[in-house]
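Asker: Questions regarding the structure given below will be posed in turn.
The values are calculated or read from the model by the stated rules, or taken from the named source; none is laboratory data. It should be emphasised that the depicted structure is a prediction, and the values quoted were computed from it without experimental measurement. Cβ placement follows ideal geometry from the backbone for every residue including glycine, while neighbour counts extend to all protein chains displayed. These accessible areas exclude ligands, DNA and RNA; they are computed on the full protein's heavy atoms, side chains included. Shrake-Rupley method; radii C 1.70, N 1.55, O 1.52, S 1.80 Å.
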Amino acid sequence: MKKTRLIMISFVLFGLLMAGCASSNSNNNNNNNNNNNNNQEELREFTLEELAQYNGKDGNPAYVAVNGKVYDVTDVPAWRGGSHQGAVVAGIDATEFISKSPHGTSVLNGLKIVGTLK
Ligand code: HEM
């Protein structure tokens, strides 16, 4: 009798453990989807003229294109006011600038992608 009860309790605990794993997995997936925003969601296509409006000035968001992708740097302290290290401004294709920067493209990993460049 005691043995049967023990087996039943083990089954219940195993079931709870599996349910816990499944829900933490789906949370991880959600996080991945939010990150970088480059999943199935449709991305906006920017012309250079459209991109120029996102210069980080007068309350405009600050977007920068690198290698055909448009990144949101609005909330990055180093890009406050749409200007970066006195070397680059927002609203442009900065592909050439990033190759000359001290950090290279690794900084792009933490940024949200908002579109592609036409
Ligand atoms: C010649 C061009 C560039 C130079 C000299 C430069 C230089 C720097 C420096 C010195 C920092 C560190 C600032 C700090 O910690 O306060 C920084 C940070 C950063 N840069 Fe650049 N950069 C250049 C181009 C770019 C471009 C084109 C991008 C494209 C998005 C970019 C994105 C960033 C970001 C996101 C950070 C913040 C990194 C962090 O806080 O982890 N930079 N840059």
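Asker: To the nearest 10 square angstrom, what accessible area does Leu48 show with a 1.4 Å probe?
Answerer: Taking all protein chains as shown, Leu48 has close to 100 Å².
Asker: If you don't mind, there's one more thing I want to ask. Give me the extension gain from Asn67 to Thr95: residue separation times 0.36 nm, minus the current Cα-Cα distance, reported in nm with one decimal.
Answerer: Once the chain is fully extended between Asn67 and Thr95, it gains 9.5 nm.
Asker: Then there's this: If r is the Cβ-Cβ distance from Arg44 to Asn109 and R0 is 22 Å, what FRET efficiency results, to the nearest 0.05?
Answerer: My answer for the efficiency is 0.60.
Asker: May I have the pair-distance distribution P(r) for region 55-118, computed from all Cα-Cα distances with 5 Å bins from 0 and rounded to whole percent?
Answerer: Distribution as computed: 4, 19, 33, 30, 12, 2 percent.
Asker: So if each residue of separation counts as 0.36 nm, and I subtract the Cα-Cα distance between Gln53 and Lys118, what length gain in nm does that give?
Answerer: Full extension from Gln53 to Lys118 adds 21.9 nm.
Asker: Turning to a different aspect of this structure: Sort 98-107, 75-84 by packing, meaning the average of other beta carbons within 10 Å per residue, with the highest value first.
Answerer: Top to bottom by mean Cβ count within 10 Å: 75-84, 98-107.
Asker: Just read off the accessible area of Asp93 with the full protein assembly in place, 1.4 Å probe, to the nearest 10 Å².
Answerer: Here the accessible area works out near 70 Å².
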